[in-house]
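Undergrad: Here it is, the structure, as structure tokens.
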Amino acid sequence: MRWRPAGEDHLATGFDWDLFVLAGNPAVHKDGLNAGSANVNAGNMFNSPDGLIFGNDGVLWIQTDGKYSNKDDFEGQGNNQMLAGDTATGEIQRFMVGPIGCEVTGMAFSPDRKTMFVGIQHPGEKASGSHFPDGGDSVPRSAIVAIRRDDGDVMG
């Protein structure tokens with residue numbers, strides 16, 4: 001939800017508001033609140049937003065910690081993820097998807113903003129098959145992932 005103070009005056013007693021996004025599953029629910037807002041589609045649908053962080057560029061980073069059962073209302077939604085929302089246009093894109101059974105949580109930037117750090121918490125929880133981050137037959141463990149752009153530019 002976005003609030004805008006009347007006349008762009010933060011001392012004003014009135015404000016306008018609108019919904020930036022309402023999470024949902026338009027693949028299962030064609031109409032209504034469970035389908036999500038108009039900017040949610042099959043390519044970016046999500047549930048249970050848990051972490052919200054703004055970048056210096058105005059991008060809203062959305063991290064999820066919800067159902068990864070891929071059944072019933074959550075069919076097709078997959079693992080928890082992190083999405084990037086353009087607060088000017090309302091466009092939302094999936095940025096990364098975590099391993100099975102994890103929560104994508106916490107985010108920080110390096111001082112030069114060229115590296116983003118993202119937490120992957122309790123991979124494999126209530127789900128089998130995760131061997132994150134080492135692969136093979138390893139026991140799944142929480143980790144911090146460092147992400148950089150190929151061109152070395154700032155992340156946000």
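Every number here is computed from the coordinates shown, using simple stated rules; none is lab data. The structure presented is a predicted model; accordingly, all values stated were derived computationally and were not measured. A quick note on method: Cβ atoms are made from the backbone with ideal geometry, for glycine too, and the neighbour counts reach across all protein chains shown.
Undergrad: Quick one: what pairs do we get from segment 67-91, first residue touching a residue at least 60 places away in the same chain (Cβ under 8 Å), second in a loop (DSSP other than H, G, I, E, B) and not acidic (Asp, Glu), C-beta under 6 Å, 6+ apart or different chains?
TA: From residues that are touching a residue at least 60 places away in the same chain (Cβ under 8 Å), the pairs are 87/58; 90/39.
Undergrad: Follow-up question, since we're still on this one. Any idea which residue in segment 4-37 is surrounded by the most Cβ atoms within 10 Å (Cβ to Cβ), counting only those that are in contact (Cβ under 8 Å) with a residue 24 or more places away in the chain and out of contact with any strand residue (DSSP E or B) (no Cβ under 7 Å at 6 or more places or on another chain)?
TA: Only one residue fits best here, namely 25.
Undergrad: Does segment 43-52 include one or more residues that are surrounded by 18 or more Cβ atoms within 10 Å (Cβ to Cβ), in contact (Cβ under 8 Å) with a residue 24 or more places away in the chain and not polar (S, T, N, Q)?
TA: Scanning segment 43-52 turns up at least one residue that is surrounded by 18 or more Cβ atoms within 10 Å (Cβ to Cβ), in contact (Cβ under 8 Å) with a residue 24 or more places away in the chain and not polar (S, T, N, Q).
Undergrad: Sticking with this one: Residues of segment 55-66 being of a type outside the set (Val, Ile, Thr), in contact (Cβ under 8 Å) with a residue 24 or more places away in the chain and closer than 26 Å to residue 122 by Cα, which ones? Give the steps one after another, and end with the answer.
TA: Looking only at segment 55-66, we keep the residues that are of a type outside the set (Val, Ile, Thr), and these are 55-58, 60-61, 63, 65-66.
Applying the additional criterion that residues be in contact (Cβ under 8 Å) with a residue 24 or more places away in the chain yields 55-58, 60-61, 63, 65.
Scanning segment 55-66 gives 55, 60, 61, 63, 65.
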